[in-house]
């Protein structure tokens with residue numbers, strides 16, 4: 001078993017950037033001191049977020065591969081930077097582990113974390129380690145955005161169009177396969193990818209924020225209905241969604257037959273980490289159908305009041321209730 | 001029971017600074033969005049640290065008052081800023097709670113957290129909440145230090161004098177009283193204060209860093225022997241401590257009689273959050289015996305090699321082994 005010093009040294013060796021690279025990125029002092037020292041560029045605002053990723057709450061060590069736990073822990077936190085239109089820069093890792101997770105599990109976890117860091121453009125700047133009966137991870141992510149360009153949740157106004165990137169429900173489909181035990185069958189394995197290794201749309205977020213096209217933006221981490229409610233609450237508006245226009249995950253017929261409903265997955269399924277944003281009507285012609293390979297769909301409009309309404313395929317309007325993820329909701 | 005939205009709103013109401021104050025402090029966007037947005041002053045380096053505070057690992061909910069848990073969670077993280085000579089600015093709170101801790105416990109916890117934030121000068125900028133079977137807290141603290149003035153662990157050289165602030169062992173004495181059940185007796189209650197509500201020496205840290213008096217600095221969170229080892233390892237040096245000069249907690253005779261040994265508390269007891277620092281010999285005349293009421297003691301010298309030696313009262317030298325806190329040490 002590793003001592004705490006050895007554990008930190010192990011993490012440092014895997015993540016330490018070359019000194020020249022670190023200095024260029026503004027990281028003056030990284031892992032191994034009391035705190036990290038960064039030099040902000042001075043022309044940018046600094047964006048800061050933290051996100052816990054806890055065993056038996058956010059993941060199950062028995063079914064989620066350690067590599068996916070590492071990848072997703074960082075991707076989840078970084079998605080909050082994408083939703084502000086920021087460029088990811090650094091992260092801190094707070095890692096609490098049982099003693100029996102410090103060897104093979106830790107290696108795979110760090111491999112996944114390192115892969116996400118490379119892919120998303122983050123440098124590990126520091127963190128802390130503890131021993132704990134279950135795995136408890138907290139990631140702090142730091143990004144930069146041009147001054148006064150950060151996209152918030154609170155700028156939507158009645159008349160704005162509502163857009164979403166990608167297709168919704170894919171991550172929840174993966175989770176349902178796991179919860180029903182179907183993930184063990186080889187034919188369904190590819191459907192787990194979006195649940196285990198979420199894709200982020202950092203370029204799209206940055207593009208929307210820098211050009212001030214998004215009046216409000218949020219990532220779909222808790223599910224469309226819940227995240228739209230967060231955006232509407234912050235902006236003090238309501239929303240009308242067009243069910244027909246919501247881009248849904250494709251569900252194979254064999255799973256449809258088992259009662260898996262793509263509309264429910266798309267409306268309430270969490271962890272897609274797509275971008276949900278609003279655009280003033282006069283700017284909507286500037287929003288393409290595709291941004292660097294990512295489809296963008298207009299799915300509704302912001303309305304007065306505080307209600308969320310779903311216009312079904314047959315033209316009927318029903319109230320849309322937030323049914324996505326809320327840790328403290330009474331079941 | 002609170003929903004997640006209500007919980008966040010509860011925290012926001014308690015901590016929200018007036019808009020004008022927030023803007024002046026550089027906090028452009030605080031709690032309630034995907035991430036916080038800060039505007040660094042541009043003349044300073046940014047110091048960043050995170051620290052987990054976990055039930056049954058770092059504290060026991062049955063004996064540690066919720067208010068002390070809140071106070072100490074923030075003080076621990078902020079101590080890492082003190083050790084760099086930084087001025088605390090913002091913090092993020094990642095809070096995972098069982099459902100039965102969201103009412104009275106949460107209120108007391110937030111009261112303690114808010115008291116520490118006021119006292120230490122930090123503004124809550126954001127965070128996240130989860131439900132979890134045990135209490136799991138992670139604090140990210142952000143500070144500022146003048147450019148290239150951050151005090152690190154790695155600058156000590158042979159011939160430097162070793163100093164420590166305050167008296168060592170007081171926090172460990174409080175912990176020992178709790179572990180032995182003596183904390184319930186009224187006469188010992190005052191001895192718990194340093195364990196529950198640690199004092200930081202932010203002014204002293206800043207003064208040493210800004211004047212470049214400390215060649216290396218660390219806070220005594222894991223215990224003198226372990227933190228000195230961290231400093232020596234980072235600086236690639238050894239150390240000689242003079243047992244006679246180490247300022248020890250005063251232990252009442254009734255507790256001495258029970259076998260509580262002040263020297264052991266001072267050498268290995270954790271969580272004092274004093275500053276341990278080194279100073280070049282020619283600068284040592286600039287270090288006062290008292291800095292704004294905080295005693296400062298010269299306790300040894302940095303030597304060549306990698307060993308730590310303790311010179312006992314009788315003149316004998318013995319090897320000093322790090323016996324403070326290490327989460328992953330095999331017991």
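Scanning region A:132-145 for residues that are part of a loop (DSSP other than H, G, I, E, B) and out of contact with any helix residue (DSSP H, G or I) (no Cβ under 8 Å at 6 or more places or on another chain) turns up A:132, A:133, A:134.
Is it true that some residue in region A:149-164 is on the phi > 0 side of the Ramachandran plot and either in contact with a strand residue (DSSP E or B) (Cβ under 7 Å, 6 or more places away or on another chain) or assigned to a helix (DSSP H, G or I) (or both)? Within region A:149-164 (the criterion being on the phi > 0 side of the Ramachandran plot and either in contact with a strand residue (DSSP E or B) (Cβ under 7 Å, 6 or more places away or on another chain) or assigned to a helix (DSSP H, G or I) (or both)), the answer is yes, since at least one residue qualifies. Quick check: is even one residue across region B:9-18 in a loop (DSSP other than H, G, I, E, B) and touching a strand residue (DSSP E or B) at 6+ places or on another chain (Cβ under 7 Å)? There is at least one residue in region B:9-18 that is in a loop (DSSP other than H, G, I, E, B) and touching a strand residue (DSSP E or B) at 6+ places or on another chain (Cβ under 7 Å). Residue under question is residue B:313, and the condition is that it be under 19 Å from residue B:244 (Cα atoms) and modelled with pLDDT under 95; does it hold? So residue B:313 passes the test.
Take the conditions (1) surrounded by 19 or more Cβ atoms within 10 Å (Cβ to Cβ); (2) on the phi < 0 side of the Ramachandran plot; residue A:271 misses just one of them, which is (2).
When you scan region A:185-199, do you find a residue that is touching a helix residue (DSSP H, G or I) at 6+ places or on another chain (Cβ under 7 Å) and in a loop (DSSP other than H, G, I, E, B), even just one? Yes, the conditions are met somewhere in region A:185-199.
Looking only at residues in region B:34-67 that are more than 21 Å from residue A:93 (Cα to Cα) and within 7 Å of chain A (Cβ to nearest Cβ), the one that is modelled with the lowest pLDDT is B:42.
Of the residues making up region B:100-133, those that are at the interface with chain A (Cβ under 8 Å from one of its Cβ atoms) and either more than 27 Å from residue A:78 (Cα to Cα) or in contact with a strand residue (DSSP E or B) (Cβ under 7 Å, 6 or more places away or on another chain) (or both) are B:102, B:125, B:126, B:127, B:128, B:129, B:130, B:131, B:132. One residue is enough: does region A:178-191 have a residue meeting the conditions within 14 Å of residue A:274 (Cβ to Cβ) and either in contact (Cβ under 8 Å) with a residue 24 or more places away in the chain or not assigned by TED's automatic domain parsing to the domain that holds residue A:122 (or both)? Within region A:178-191, not a single residue is within 14 Å of residue A:274 (Cβ to Cβ) and either in contact (Cβ under 8 Å) with a residue 24 or more places away in the chain or not assigned by TED's automatic domain parsing to the domain that holds residue A:122 (or both).
Just to be sure, is residue B:85 in contact with a strand residue (DSSP E or B) (Cβ under 9 Å, 6 or more places away or on another chain), within 14 Å of chain A (Cβ to nearest Cβ), at positive phi and crowded, with 24+ Cβ neighbours inside 10 Å? Here the answer is yes, as residue B:85 does meet what is asked. Can we say residue A:127 is closer than 30 Å to residue A:289 by Cα and either touching a residue at least 12 places away in the same chain (Cβ under 8 Å) or surrounded by fewer than 22 Cβ atoms within 10 Å (Cβ to Cβ) (or both)? So residue A:127 does not fit the description; no.
The values are calculated or read from the model by the stated rules, or taken from the named source; none is laboratory data. Worth saying up front: this structure is predicted, and the values here are computed from it rather than measured. FYI the Cβ positions are ideal-geometry reconstructions off the backbone, even for glycines, and counts take in every protein chain you see.
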